[in-house]
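Structure first, then comments.
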Amino acid sequence: MALVLAGVVVLDCAEPEKLAAFYKELLDGEETDTSANRIDIRGADGTRMGFRRDLTATPPSWPRPENSLQAHLDFQVADLDEAERRIVGLGGRPIETKDAAGPFEERGYADPSGHSFTLCLTPIMAPKLG
């Protein structure tokens with residue numbers, strides 16, 4: 001029997017209701033559990049996240065070195081421009097853009113509470129040759 005039955009990424013934030021709403025929309029998800037100090041969601045792809053109330057939470061300052069990366073999330077998308085418009089519409093903001101257009105392009109963002117995440121193009125899977 002497995003020791004760990006499931007894993008959940010939990011982000012500390014001052015307003016878990018707002019942050020859960022952001023990620024619920026981003027991941028086309030649903031709330032799975034709610035209490036006064038924590039909200040859990042599951043995205044359409046099975047991604048599980050929790051948002052825990054911490055009134056003293058300090059947003060990460062990435063890419064500045066002080067109080068930088070506390071956690072980092074990567075999401076694969078099919079269309080970076082469309083995903084960016086949706087993220088900004090939900091209250092997120094770009095924090096790092098690169099001119100490296102192509103199949104390995106990545107873009108960095110911050111959610112409404114300041115946690116950083118990266119969007120990556122969905123990898124193109126070619127059949128194995130030979």
Problem set entry | Whichever residue in segment 66-88 is more than 15 Å from the chain's Cα centre (by Cα) and farther than 18 Å from L121 by Cα and, among such residues, is modelled with the highest pLDDT | E66
Problem set entry | Condition broken by P112, with the remaining ones in (1) touching a Phe, Trp or Tyr at 6+ places or on another chain (Cβ under 9 Å); (2) assigned to a loop (DSSP other than H, G, I, E, B); (3) at pLDDT below 90 satisfied | (3)
Exercise. What is the one condition in (1) modelled with pLDDT of 85 or more; (2) surrounded by fewer than 14 Cβ atoms within 10 Å (Cβ to Cβ); (3) touching a Gly at 6+ places or on another chain (Cβ under 8 Å); (4) not basic (K, R) that T97 does not satisfy?
Worked result: (1)
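The values are calculated or read from the model by the stated rules, or taken from the named source; none is laboratory data. Values in this document were obtained by computation on a predicted structure and should not be read as measured data. Positions of Cβ are backbone-derived with ideal geometry, glycine not excepted, and every protein chain shown enters the neighbour counts.
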